[in-house]
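Enquirer: Dumping the structure here so I can ask a few things about it.
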Amino acid sequence: MVNSNADALGIIFPNSYDSLVPELTSERLMASIPFASRYRMIDFILSGMANCGIDNISIVVRKNYHSLLDHLGSGRAWDLTRKNGGLNIIPPFAQKAVKIYHGRVEALASILTFLKSQKEKYVVMSDANIAVNFNFSDFINTHMNSGADVTVAYVKAEVPAKAVEENPTSDTFSYTLRIEDGRVREIRINPKDAGVQDFSMNIYIIDRELLISQIESAYVKGYIYFERDILEPQLDTLNVQAYEHTGYAARICDMKSYFDENMKLLDAKNLDALFEGNPVYTKIRDDTPTRYITGAKVNNIMAADGCIIEGDVENSILFRGVKIAKGAKVKNCVLMQDTTVEEGAQLEYVVSDKNVHITAGKELKGTDTFPVFIAKKQTV
Amino acid sequence: MAKEMIAMLLAGGQGSRLYVLTQKLAKPAVPFGGKYRIIDFPLSNCVNSGIDTVGILTQYQPLVLNEYIGNGQPWDLDRLHGGVHVLPPYQQASGSDWYKGTANAIYQNIPFIERYNPKYVIILSGDQICKQDYSDFLKFHKEKNAEFSVAVMEVPWEDASRFGLMVADEDDRITEFQEKPKEPKSNLASMGIYIFNWDVLRKYLVEDEADPTSENDFGNNIIPNLLKDGRRMYAYHFSGYWKDVGTIPSLWEANMEVLNPEDSGINLFDENWKIYSRNSGMTGHRISADALVENSMITDGCRVDGTVKHSILFAGVKVEEGAKVEDAVIMGNTVIRSGAVVSHCIVGENVEIGQHAVVGAMPAEGEKGVATVGPGVTIGERAKVGPNAMVSNDVKEGEEQW
């Protein structure tokens, strides 16, 4: 059979790390957080998988997933509207005995029947909290050639302060790895070590049959977490290999990192690094090009389509359909879809969620360490 | 299931007066307004008017157009029954033939139209920029109990002799048709958009085909024949923005008018009448700290480090530091190197303009002219392209072309 596709199916957990950014996830989930002027977080992993020929992708949603369903639709934007495979969104089964899953073990246990009926040899799993142009083809090939049971992707990075300080709550574990000759010897959970670590991206590849048997035995024992309860105790018997991702990666760990990671893209080097190679797809909105009206002053910005700019904008990220009226001043801001800033308003270090309305003459000012956040649909 | 009205879109024109821009491209596929192609306008009008079946008649350089239309999904025209269909001439048992004229193009596709058994057929043209509600046009057609209606625009009397003119009575019933007359009796110019009762159109197409002296053209043959027979023909007045972008100056002008929707009337920002297009899929555009942007439209994938004034940049255009772009239409993925000056011109897709090259010039008093650089051309460093030039081949370093 001619096959340009990968022999792997994809599973994405869109709710992981929701609780790190409560402001942004009050009405959505991590995967649908807007990022980089016209994308949602899930676009990066989803496009990465689709570009590498993974065309059977399941998204195991947990809660707050309306915005994600709206964003994904039938999966056409990612070319995942397929008769066989394609995009498969799995909501929780609404039944008394079924609880909303906590960890990956429970999530995977809920789709065991599905997993058993698939044909792909491997399963690739990922969260959606990292914006990355990840090379899944290389990842899959490396795994196949190494003969490992499991391969996990990591980056060399510092564990964010918030993750270190945080009391371990159900879905905010961060994992670092101790690697010897490419093999993972220890998985540290919420480590307190300072400095650059081998920081897990929680992107895994595992043989589908092996995953099924591991989940079956873990689930009956009441285990919850894939890393803590399955991998870590079996590191001696399971060959878990580490795969370093050396490219660009933007991880959302809190409001501050959300702001910073957006702002970083104003540096052309970072923007090129994130978007080099394969395209990142997203839902199409059919906006017009952005219009800069006479009198507009713009300096160091990134903007999506559909904006109308008449005022001053500096060092800012504008999502689709943002309108900035005459005499308004916007500096160091991240303004999400359809934010409108009326005449004479002044914003500095502000993150506005969708459909925020800033009325004329208002002044809002945060600081670089603490941007002011304005929730969805609020009028100031 | 019968359709009330389907659309037939004439997209076969060569567009020879767009010269280098249409050498490898059908005119309806010519890029327009930052992220559109001309054909997006009639297609979006169809969908917004509730027409879900469109036949696109192509024959000249159809590759780009075919790929662009694809399954019609960007316009929501991927339908189980109906949707958009590209209709090139094809071979039949009786032989094969190119489309000899606009009427013959429809004639050859009578079987296509009959599949949908429509009551009405609207004939559209693929080379106009216009936002129009065809359902309002159909309402007029029905109210007048017409057999044929044509959309007309009032044009200034001094320009009237450049158009096909409809002479109509106070009830809008057409009494006479004048094709580019020396002495116009009317200033109602035909927009080339017709609604026919299908049974009437079918009859006249068959008769026209049987006439060996006919040019098989709507304007020259079908409409005069209808008139001769005293058919119920009406003129529907349209007063919105309408522009035939068949020439370089008119294409440039229409693009510039997009920058001034308040006065020109071509408002692409209307949420209630969106113009759809196939998306570039590029990331948001970047405007750096060194850039200066004034009164322009910029779309995804652009990187602006230089100066852009009163211009339209299509997806993926790069304007390097120190480069100047003014009164220009720059099509997709073109790169303008540092120090280059690009003004009052149309630059095609995938062009590279070298450092310190000069393309076009702002016209002095009484002068006219829009420089045009064809797609894929490379303009060398310090090369010069004159204000009226039509560039289809590379211009080498330091050379001049006027």
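The values are calculated or read from the model by the stated rules, or taken from the named source; none is laboratory data. Since we're looking at a predicted model, the values are computed, not measured. With ideal geometry, Cβ positions are generated from the backbone for all residues, glycine too; neighbour counts draw on all protein chains shown.
Enquirer: Residues in the range A:52-79 that are in a strand (DSSP E or B) and hydrophobic (A, V, I, L, M, F, W, C): how many?
Expert: Of the residues in the range A:52-79, 3 are in a strand (DSSP E or B) and hydrophobic (A, V, I, L, M, F, W, C).
Enquirer: Can you name every residue in the range A:189-221 that is farther than 27 Å from A:Lys121 by Cβ and touching a helix residue (DSSP H, G or I) at 6+ places or on another chain (Cβ under 9 Å)?
Expert: A:Ile189, A:Asn190, A:Pro191, A:Lys192, A:Asp193, A:Ala194
Enquirer: Okay, moving on. So if I check each of A:Asp272, A:Asp287, A:Asp312, A:Asp260, which one is closer than 25 Å to B:Lys274 by Cβ and either at the interface with chain B (Cβ under 7 Å from one of its Cβ atoms) or free of Cβ contacts under 8 Å to residues at least 60 places away in the same chain (or both)?
Expert: Going through A:Asp272, A:Asp287, A:Asp312, A:Asp260 in turn, just one is closer than 25 Å to B:Lys274 by Cβ and either at the interface with chain B (Cβ under 7 Å from one of its Cβ atoms) or free of Cβ contacts under 8 Å to residues at least 60 places away in the same chain (or both): A:Asp287.
Enquirer: Determine whether B:Arg37 is more than 14 Å from every other protein chain (Cβ to nearest Cβ) and of a type in the set (D, E, K, R).
Expert: No: the conditions fail for B:Arg37.
Enquirer: Could you count how many residues in the range B:232-268 are surrounded by fewer than 16 Cβ atoms within 10 Å (Cβ to Cβ), assigned to a loop (DSSP other than H, G, I, E, B) and within 12 Å of chain A (Cβ to nearest Cβ)?
Expert: Count: 2.
Enquirer: Scanning for something among the β-branched types (Val, Ile, Thr), at pLDDT below 95 and assigned to a strand (DSSP E or B), does the range A:363-375 turn up at least one residue?
Expert: Yes, some residue in the range A:363-375 is among the β-branched types (Val, Ile, Thr), at pLDDT below 95 and assigned to a strand (DSSP E or B).
Enquirer: Here is a follow-up. Determine which member of the set B:Ser311, B:Ser296 is within 12 Å of chain A (Cβ to nearest Cβ), touching a Phe, Trp or Tyr at 6+ places or on another chain (Cβ under 7 Å) and modelled with pLDDT of 95 or more.
Expert: Only one candidate passes the filter, namely B:Ser296.
Enquirer: Residues of the range B:269-288 being assigned to a loop (DSSP other than H, G, I, E, B) and not small (Gly, Ala, Ser), which ones?
Expert: Of everything in the range B:269-288, those that are assigned to a loop (DSSP other than H, G, I, E, B) and not small (Gly, Ala, Ser) turn out to be B:Phe269, B:Asp270, B:Lys274, B:Ile275, B:Tyr276, B:Arg278, B:Asn279, B:Met282, B:Thr283.
Enquirer: I'd like to check which helices (runs of 4 or more DSSP H) are fully inside the range B:44-123 and have at least 1 residues that are on the phi < 0 side of the Ramachandran plot and surrounded by fewer than 16 Cβ atoms within 10 Å (Cβ to Cβ).
Expert: Because the criterion is at least 1 residues that are on the phi < 0 side of the Ramachandran plot and surrounded by fewer than 16 Cβ atoms within 10 Å (Cβ to Cβ), the helices (runs of 4 or more DSSP H) in the range B:44-123 that meet it are B:63-69, B:110-116.
Enquirer: Can you name the residue in the range B:386-402 that is under 24 Å from B:Ser16 (Cα atoms) and free of Cβ contacts under 8 Å to residues at least 40 places away in the same chain and, of all such residues, is surrounded by the most Cβ atoms within 10 Å (Cβ to Cβ)?
Expert: That would be B:Val395.
Enquirer: What are the pairs, 6+ residues apart or on separate chains, where a residue within the range A:20-49 that is more than 14 Å from every other protein chain (Cβ to nearest Cβ) and under 23 Å from A:Asp286 (Cα atoms) has its Cβ under 7 Å from a residue that is buried (at least 24 other Cβ atoms within 10 Å of the Cβ) and among the basic types (Lys, Arg)?
Expert: A:Ala31/A:Arg40; A:Ser32/A:Arg40; A:Ile33/A:Arg40
Enquirer: Here is a further query. List the number of the failed condition for A:His245; all other conditions in (1) on the phi > 0 side of the Ramachandran plot; (2) more than 13 Å from chain B (Cβ to nearest Cβ) hold.
Expert: (1)
Enquirer: Mind checking which residues of the range A:306-332 are on the phi < 0 side of the Ramachandran plot and in contact with a helix residue (DSSP H, G or I) (Cβ under 9 Å, 6 or more places away or on another chain)?
Expert: A:Ser316, A:Ile317
Enquirer: Which condition does B:Phe137 not pass, out of (1) buried (at least 18 other Cβ atoms within 10 Å of the Cβ); (2) part of a strand (DSSP E or B); (3) more than 18 Å from the chain's Cα centre (by Cα), if it passes all the others?
Expert: In the conditions (1) buried (at least 18 other Cβ atoms within 10 Å of the Cβ); (2) part of a strand (DSSP E or B); (3) more than 18 Å from the chain's Cα centre (by Cα), B:Phe137 misses (2) alone.
Enquirer: Taking the range B:77-86 only, how many residues are touching a Gly at 6+ places or on another chain (Cβ under 9 Å) and either touching a residue at least 60 places away in the same chain (Cβ under 8 Å) or acidic (Asp, Glu) (or both)?
Expert: 1
Enquirer: Sticking with this structure for a sec: If the Cβ limit is 6 Å and pairs must be 6+ apart or interchain, which residue in the range A:356-372 that is polar (S, T, N, Q) pairs with which residue that is surrounded by 12 or more Cβ atoms within 10 Å (Cβ to Cβ)?
Expert: Listed by first residue and then by second, the contacts come to A:Thr359/A:Glu342; A:Thr367/A:Tyr349.
Enquirer: Farther than 17 Å from A:Asp43 by Cβ, facing chain B (nearest Cβ under 9 Å), among the hydrophobic types (A, V, I, L, M, F, W, C) and in contact with a Ser or Thr (Cβ under 7 Å, 6 or more places away or on another chain): which single residue out of A:Leu266, A:Leu318 fits that description?
Expert: A:Leu318
Enquirer: Right, something else. Restricting attention to the range B:276-290, which residues are surrounded by fewer than 21 Cβ atoms within 10 Å (Cβ to Cβ) and either free of Cβ contacts under 8 Å to residues at least 40 places away in the same chain or within 7 Å of chain A (Cβ to nearest Cβ) (or both)?
Expert: B:Tyr276, B:Asn279, B:Gly281, B:Met282, B:Ser288, B:Ala289, B:Asp290
Enquirer: Let me ask something additional. Within the range B:1-10, track down each residue that is at pLDDT below 90 and crowded, with 22+ Cβ neighbours inside 10 Å.
Expert: Within the range B:1-10, no residue meets the criteria.
Enquirer: Considering only the range A:88-110, I want to know if a residue exists there that is in a loop (DSSP other than H, G, I, E, B), modelled with pLDDT of 90 or more and touching a Lys or Arg at 6+ places or on another chain (Cβ under 8 Å).
Expert: So far as the range A:88-110 goes, no, none of its residues is in a loop (DSSP other than H, G, I, E, B), modelled with pLDDT of 90 or more and touching a Lys or Arg at 6+ places or on another chain (Cβ under 8 Å).
Enquirer: Is it fair to say B:Glu176 is assigned to a strand (DSSP E or B), more than 19 Å from B:Ile122 (Cα to Cα) and either modelled with pLDDT of 95 or more or acidic (Asp, Glu) (or both)?
Expert: So B:Glu176 passes the test.
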